[in-house]
Amino acid sequence: MEQVLLPPVGDGGVRVHMLAAPINPADINMIQGTYPILCPLPAVGGNEGVAEVIEVGSDVTVLRPGDWVLPIDACFGTWRTGAVCEEDDLISVSKDISLLEAATVFVNPCTAYRMLHDFQTLTPGCTLIQNGSNSAVGQAVIQIAAALGLKTINIIRGRPNCAELIEELRSLGADYVITEEEVMSSGLCQIFEEVPKPKLGLNCVGGLSGGLVLSNLE
Ligand SMILES: NC(=O)c1ccc[n+]([C@@H]2O[C@H](COP(=O)([O-])OP(=O)(O)OC[C@H]3O[C@@H](n4cnc5c(N)ncnc54)[C@H](OP(=O)(O)O)[C@@H]3O)[C@@H](O)[C@H]2O)c1
């Protein structure tokens, strides 16, 4: 822990107090220096989180004290108590969602949303297939896809408590949850008697697991 004095907000600045910030895998990769984005040093860790606006400069037009805000760009450094930044560094978020939802909406659910919208035109009834389906992004994909009326085929790795995980993902809205081992041994023919072949495949693993996604596309 290091104590750093915050500068005054000035005319265009905003002072925020961090309320909650997650640790995402990419945050660790950044610290390791293995992520494609590397922050200029010295840097504070953490790229996602929700903060409360405490004070705004006289030129700040949109944000107000009490607002909840999210940093827009990577390298903000959310693992800290407070920060002074520009208004443009932040986007406000509704207080209708919970604090934990606000703290974790930016990285994983937004990624899932973009992947479901940017690469294929998917209409209700279309199918998508993904691996790593129990990942944070995968769980967001399941929920957003279900809300859009899309059918999801969700590949997971086999494990001792598989039934529990399958039940959990189904409760989020997953249509089919199947292990990599089952896909390799039996294929997906039975599922394709019920739903069309996937127009979209999401691969967050690579290698053999990525091949299972790729080889079952429309
Ligand atoms: N905007 C972006 O570009 C962006 C943002 C967020 C995430 N992502 C990417 O999205 C993916 C998921 O991220 P996340 O944070 O949601 O992940 P996460 O919650 O940490 O989950 C990791 C997933 O990968 C699976 N996995 C790990 N090693 C595997 C292997 N050898 N074979 C098969 N499955 C394996 C895990 O399965 P087990 O449970 O079986 O271990 C788990 O489902 C990552 O590729 C990440 O880089 C991109």
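Bear in mind these aren't lab numbers, they're just calculated from the coordinates by the rules spelled out. Note that this is a predicted model, so its numbers are computed, not measured. All Cβ positions, even for glycine, are placed from backbone atoms using ideal geometry, and neighbour counts span all protein chains on display.
Taking θ as phi - 60° and the Karplus parameters 6.51, -1.76 and 1.60, the scalar couplings of region 33-43 work out to x, 9, 8, x, 9, 10, 7, x, 8, x, 9 Hz in sequence order, x denoting glycine and proline. Projecting the Cα atoms of Ser58, Cys75, Gly46 onto the charge dipole of region 38-89, computed from C-beta unit charges around the Cα centre, puts Gly46 farthest toward the positive end. Taking the Cα centre of region 83-149 as reference, the dipole from Cβ charges on Lys and Arg (+1) and Asp and Glu (-1) amounts to some 420 debye.
For Gln3 and Arg157, calculate 0.36 nm times their separation in residues minus their Cα-Cα distance, and state this gained length in nm to one decimal. Please report the intermediate quantities before stating the final value.
Working: separation 154, 0.36 × 154 = 55.44 nm, distance 4.32 nm.
Extra length from Gln3 to Arg157 when fully extended: 51.1 nm.
Residue-wise HN-Hα couplings along region 4-21, as the Karplus relation 6.51 cos²θ - 1.76 cosθ + 1.60 with θ = phi - 60° gives them from phi, are 10, 6, 7, x, x, 5, x, 6, x, x, 9, 9, 10, 10, 5, 9, 7, 8 Hz; Gly and Pro carry x. With a cut-off of 15 Å between beta carbons, the residues surrounding Val107 carry a summed charge of -3, where Lys and Arg count +1 and Asp and Glu -1. Judged by the mean number of other Cβ atoms found within 10 Å, the most tightly packed of the peptides 48-55, 211-218 leads the ranking 48-55, 211-218. Neighbour counts of C-beta atoms inside 10 Å place Ile156, Ile166, Ile37, Ile129 in the sequence Ile37, Ile166, Ile156, Ile129, starting with the fewest. Rounded to the nearest 20 debye, the dipole size of region 13-104 about its Cα centre is 260 debye, using +1 on the Cβ of Lys and Arg and -1 on the Cβ of Asp and Glu.
May I ask for log10 I(q)/I(0) of region 108-214 at q = 0.12, 0.22 Å⁻¹, from a Debye sum over the Cα atoms as equal point scatterers with solvent left out? Debye curve over Cα of region 108-214, log10 I(q)/I(0) at q = 0.12, 0.22 Å⁻¹: -0.34, -1.26. Listed peptides 20-28, 91-99 appear in the order 20-28, 91-99 once ranked by packing, highest mean of other Cβ atoms within 10 Å at the front. Residue-normalised convex hull volume from the C-alpha trace of the chain: 151 Å³ per residue.
Here the Kirkwood formula puts the hydrodynamic radius of region 30-146 at 16.4 Å, using every distinct Cα pair. Applying a 4.7 Å cutoff between beta carbons, the unpaired cysteines of the chain are Cys85, Cys110, Cys126, Cys162, Cys189, Cys204.
Computed over the Cα atoms, what is the radius of gyration of region 12-60 divided by 2.2 N^0.38 Å, N being its residue count? Before the final figure, lay out each step's value.
Details: Rg = 13.8 Å, N = 49, 2.2 N^0.38 = 9.7 Å.
With N residues counted in region 12-60, Rg over 2.2 N^0.38 Å equals 1.43.
In a reduced charge model with +1 at each Lys and Arg Cβ and -1 at each Asp and Glu Cβ, region 49-184 shows a dipole moment near 420 debye about its Cα centre.
Between Gln139, Gln190, Gln130, the GNM of the chain built on Cα springs shorter than 10 angstrom shows Gln190 fluctuating the most.
Rounded to whole numbers, the Karplus 3J(HN,Hα) couplings from phi for region 113-128 are 4, 5, 5, 7, 10, 9, 10, 9, 8, 10, 10, x, x, 5, 10, 10 Hz, using 6.51 cos²θ - 1.76 cosθ + 1.60 with θ = phi - 60°, and x at Gly and Pro.
Mind checking which of Pro196, Pro109, Pro40 has the largest fluctuation in a GNM of the chain, springs on alpha carbons under 10 Å? The residue with the greatest mean-square fluctuation here is Pro40.
Given the C-alpha centroids of region 133-190 and region 41-87, what is the distance between them in whole angstrom? Measuring centre to centre over Cα atoms gives 36 Å.
If you line up the long axis of helix 136-147 against the longest principal axis of the chain, both from Cα atoms, how many degrees apart are they, to the nearest 10? The two axes meet at around 70 degrees.
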